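Please read the structure below before turning to the comments.
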Amino acid sequence: MQKKDVFRLRFSNNDRISDIAAHSEVELLFLLEGMTDIQVEQKLTHMKKNDILVINPDRRRSVKFAENPLLMHLLIDYDTVRDAFQDQDVLFWCDSTMAEHEKYEALRKLLKHLVRRYIQSENYETTFSFLSDCYEILAFLCFDFTVKAADVQWNEEGDRFEEMLFKINNYINSNYDQPISIKDLSEKLYLSIG
């Protein structure tokens, strides 16, 4: 079995629209320069310099770059997050475009530190320093920007359907190496068969 990276770091600065299919990782976006629009499912977010947005797993997104953007993507393995919360479904609620708070400034400081070390160190992503910095960011997100999926107020029928799909996807992704039946899913997620 191939080892999966817990964290992956990449940067983008395209001046075009890119559709990105949903993936099973948590994606933290940090806009270092310029402006960009991020569409996550049906919600459009306008980001400007120093804005932060976390996209939960299995959410379809597209990015429209504008005005000399430089966007950092920190991808975090969702199974690692679930393990930290003893297999509970957890969602991140982190969008600095909605409201400014001192916690966002503290998170920005951690992200800028990560970027600075990335620029200064060759092969930074293969070092313990990279892992340490990323785990510090993940811990900050877990303490200050999480909600349990069961605690989210789902106010529309479509939202409840999305919540159930989210739980099913997470269960399958967490147990892909074991046989899974419809009965297993229904018992674990309190669903009816038929």
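Contact map, the stretch 104-122: residues that are in contact (Cβ under 8 Å) with a residue 40 or more places away in the chain and surrounded by 15 or more Cβ atoms within 10 Å (Cβ to Cβ) paired with residues that are aromatic (Phe, Trp, Tyr) and in a helix (DSSP H, G or I), Cβ distance under 7 Å, separation 6+ or inter-chain. Pairs shown: Leu107/Phe140; Tyr118/Tyr124. Of the residues examined, Leu28 is not one that is modelled with pLDDT of 95 or more, surrounded by 13 or more Cβ atoms within 10 Å (Cβ to Cβ), over 15 Å from the mean Cα position of the chain (by Cα) and on the phi < 0 side of the Ramachandran plot. Listed by first and then second residue, the pairs with beta-carbon distance under 8 Å, at least 6 apart or on different chains, first residue in the stretch 73-102 and within 18 Å of Asp58 (Cα to Cα) and hydroxyl-bearing (Ser, Thr, Tyr), second open to solvent by 10 Å² or more (accessible area, probe 1.4 Å) and at pLDDT 85 or above, are Tyr78/Glu25; Thr80/Val6; Thr80/Leu138. In the set Leu165, Leu189, which member is modelled with pLDDT of 65 or more and touching a helix residue (DSSP H, G or I) at 6+ places or on another chain (Cβ under 8 Å)? Unique residue meeting the criteria: Leu189.
Restricting attention to the stretch 98-122, the residues being in a loop (DSSP other than H, G, I, E, B) and in contact with a Ser or Thr (Cβ under 8 Å, 6 or more places away or on another chain) number 1. The residues of the stretch 56-97 that are assigned to a helix (DSSP H, G or I), surrounded by 15 or more Cβ atoms within 10 Å (Cβ to Cβ) and not hydrophobic (A, V, I, L, M, F, W, C), listed by number, are Tyr78, Asp79, Thr80, Arg82.
The values are calculated or read from the model by the stated rules, or taken from the named source; none is laboratory data. Everything numeric here is computed off the predicted structure, so don't read it as measured data. Positions of Cβ are generated from backbone atoms using ideal geometry, with glycine treated the same way; all protein chains shown enter the neighbour counts. Side chains are part of the model used for accessible areas, which takes the heavy atoms of the whole protein and leaves out ligands, DNA and RNA. Shrake-Rupley method; radii C 1.70, N 1.55, O 1.52, S 1.80 Å.
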